[in-house]
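Engineer: I'd like to ask some things about the structure below.
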Amino acid sequence: MKIQLANEEIELLPEKAFHWHKERLLGLSDIHIGKAESYQHAGVPLPSGAHREDLEKMSFLIEKHRIEKVVILGDWIHTQHSISELVFRDLHRFFHRHNKVHWTLLLGNHERNAFELLKEFPFHMVSEDLEYPPFLFTHGHKYRSSAFFQIQGHTHPLVSIHEGPLRMKLPCFHLEKECLTIPAFGSLTGGYVIRPKKSDRIFAVAENEIFEVRTRP
């Protein structure tokens with residue numbers, strides 16, 4: 001679904017990312033690679049492998065849209081304990097497959113204490129926000145006032161849909177007056193139900209489809 005933001009055409013993708021066509025830029029947030037490994041480190045026997053689904057989904061988008069730049073709006077990994085030998089090997093294969101892509105990572109709250117670990121990968125790392133006019137890309141966990149239109153992640157937005165007997169919660173893009181919050185990209189992420197204002201626009205993500213949800217007064 002294509003929408004206009006700050007006089008630029010942005011495509012919201014059902015894979016829970018966005019495509020800025022003019023820049024051949026793919027934006028996504030909150031992948032939380034290695035979440036299973038972080039839980040294993042804490043003694044929870046969660047099976048490995050979910051990161052492969054997320055990496056393959058990212059590869060599909062890069063190749064389908066001929067992406068030249070990827071901007072990750074924070075929380076690429078889950079914790080500093082995320083990178084097991086398996087995850088490390090899979091990531092190196094992934095980056096080798098896309099070695100012509102320019103990678104930018106905004107450091108989110110989950111990258112805390114993992115800076116040295118992330119140096120192993122071909123990221124241009126940004127500690128705060130990235131001004132990419134007319135947009136300000138940010139993770140969203142710190143307040144920042146800007147003249148640019150803000151695109152952020154962090155909150156893993158979900159929309160609660162009530163239509164008669166139908167009750168469900170779906171990931172969504174939450175568009176406010178000067179800010180777009182995008183859903184979490186990762187397959188092992190939860191979310192938080194938003195409470196939109198009447199003036200907001202909500203784009204829910206279902207199976208291979210995006211549809212706009214009416215906001216209630």
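The values are calculated or read from the model by the stated rules, or taken from the named source; none is laboratory data. None of these values were measured; they are calculated from a predicted model. Here the Cβ is made from the backbone with ideal geometry for all residues, glycine too, and neighbour counts use every protein chain on show. The accessibility values were calculated without ligands, DNA or RNA, using every heavy atom of the protein model including side chains. Shrake-Rupley method; radii C 1.70, N 1.55, O 1.52, S 1.80 Å.
Engineer: Which angle from 0 to 90°, rounded to the nearest 10, does the C-alpha axis of helix 50-64 make with the longest principal axis of the chain?
Structural biologist: Long axis of 50-64 versus the principal axis of the chain: about 70 degrees.
Engineer: Quantify, in whole percent, the carbon and sulfur part of the accessible surface of segment 37-170 (1.4 Å probe; protein heavy atoms only).
Structural biologist: Within segment 37-170, the accessible surface is 53 percent carbon and sulfur.
Engineer: Here is a follow-up. Let me have the 222 nm mean residue ellipticity of the chain computed from DSSP H runs of 4+ only, each contributing -39500 (n - 2.57), with the sum over all residues rounded to the nearest 500.
Structural biologist: Result for the chain: -5000 deg cm²/dmol, rounded to the nearest 500.
Engineer: How high is the relative contact order of segment 81-170, given as a whole-number percent (alpha carbon pairs under 8 Å, six or more residues apart)?
Structural biologist: Dividing the mean separation by the residue count of segment 81-170 yields 18 percent.
Engineer: Same structure again: When the chain is modelled as a GNM with alpha-carbon springs shorter than 10 Å, which of HIS51, HIS32, HIS96 fluctuates the most?
Structural biologist: Top of the fluctuation ranking is HIS96.
Engineer: While we're on this one: Mind giving me the nanometre distance, one decimal, between the label points for SER187 and PHE88, set 7 Å out from Cα along Cα→Cβ?
Structural biologist: 2.4 nm
Engineer: What number comes out for accessible area per residue over the chain if the probe is 1.4 Å? Units Å², please.
Structural biologist: The answer is 52 Å² per residue.
Engineer: Here's something else I'd like to know. Using 0.36 nm per residue, how much length does the chain from LEU118 to ARG24 gain when fully extended, once their Cα-Cα distance is taken away?
Structural biologist: So the chain would gain 31.4 nm between LEU118 and ARG24.
Engineer: A follow-up question, please. Which ³J(HN,Hα) values, rounded to whole Hz and listed in residue order, are derived for segment 117-128 from phi using the Karplus coefficients 6.51, -1.76 and 1.60 in 6.51 cos²θ - 1.76 cosθ + 1.60 with θ = phi - 60°, glycine and proline given as x?
Structural biologist: Each residue of segment 117-128 in turn: 4, 6, 5, 5, 10, x, 8, 8, 9, 10, 7, 10 Hz.
Engineer: On C-alpha positions alone, give me the angle between the axis of helix 85-97 and the longest principal axis of the chain, in degrees, nearest 10.
Structural biologist: 70 degrees
Engineer: Please work out which option in (1) 117; (2) 139; (3) 128 gives volume of the Cα convex hull per residue in Å³ calculated from these coordinates, and answer with its label.
Structural biologist: Working out volume of the Cα convex hull per residue in Å³ from the coordinates points to (3).
Engineer: Can you work out ³J(HN,Hα) from phi for every residue in segment 159-175, in order, using Karplus 6.51 cos²θ - 1.76 cosθ + 1.60 and θ = phi - 60°, giving whole Hz and x for Gly and Pro?
Structural biologist: 10, 8, 10, 10, 10, x, x, 7, 9, 7, 10, 10, x, 8, 8, 10, 9
Engineer: Where nothing but the Cβ of Lys and Arg (+1) and of Asp and Glu (-1) is charged, how large is the charge dipole of segment 1-123 around its Cα centre, in debye to the nearest 20?
Structural biologist: On the way: 16 positive and 18 negative charges, 59 e Å.
With Lys and Arg at +1 and Asp and Glu at -1, about 280 debye.
Engineer: Given the options ALA6, ALA17, HIS124, identify the residue whose Cα lies farthest towards the positive end of the charge dipole of the chain (+1 on Cβ of Lys, Arg; -1 on Cβ of Asp, Glu).
Structural biologist: ALA6
Engineer: Explain nothing, just the number: relative contact order of the chain, from Cα pairs under 8 Å at least 6 residues apart, as a whole percent.
Structural biologist: 20 percent
Engineer: So what is the relative contact order for segment 13-70, in percent, with contacts set as C-alpha pairs under 8 Å and at least six apart?
Structural biologist: About 38 percent, as a whole number.
Engineer: Please name which of LEU46, PHE185, HIS102 has its Cα lying farthest along the dipole of the chain towards the positive end, using unit charges on Cβ (Lys, Arg +1; Asp, Glu -1) and the Cα centre as origin.
Structural biologist: PHE185
Engineer: Report the charge-dipole magnitude of the chain in Debye, nearest 20, computed about the Cα centre from +1 at each Lys and Arg Cβ and -1 at each Asp and Glu Cβ.
Structural biologist: On the way: 27 positive and 28 negative charges, 83 e Å.
Charge dipole, the chain, about its Cα centre: 400 debye, nearest 20.
Engineer: Go through LYS69/LYS169; LYS22/LYS100; LYS2/LYS35; LYS57/LYS169; LYS2/LYS198; LYS64/LYS197 and tell me which ones have a Cα-Cα distance over 28 Å in this structure.
Structural biologist: From the list (LYS69/LYS169; LYS22/LYS100; LYS2/LYS35; LYS57/LYS169; LYS2/LYS198; LYS64/LYS197), the Cα-Cα distance tops 28 Å for LYS69/LYS169; LYS2/LYS35; LYS64/LYS197.
Engineer: Could I ask something else about it? Given charges of +1 on the Cβ of Lys and Arg and -1 on the Cβ of Asp and Glu, with all other atoms neutral, how large is the dipole of segment 159-208 about its Cα centre, in debye to the nearest 20?
Structural biologist: Dipole of segment 159-208, to the nearest 20 debye: 200 debye.
Engineer: Take the chain, connect every pair of alpha-carbon atoms lying under 10 Å apart with a spring to form a Gaussian network, then pick out the residue of ILE33, ILE62, ILE182 with the largest mean-square fluctuation.
Structural biologist: The residue with the greatest mean-square fluctuation here is ILE62.
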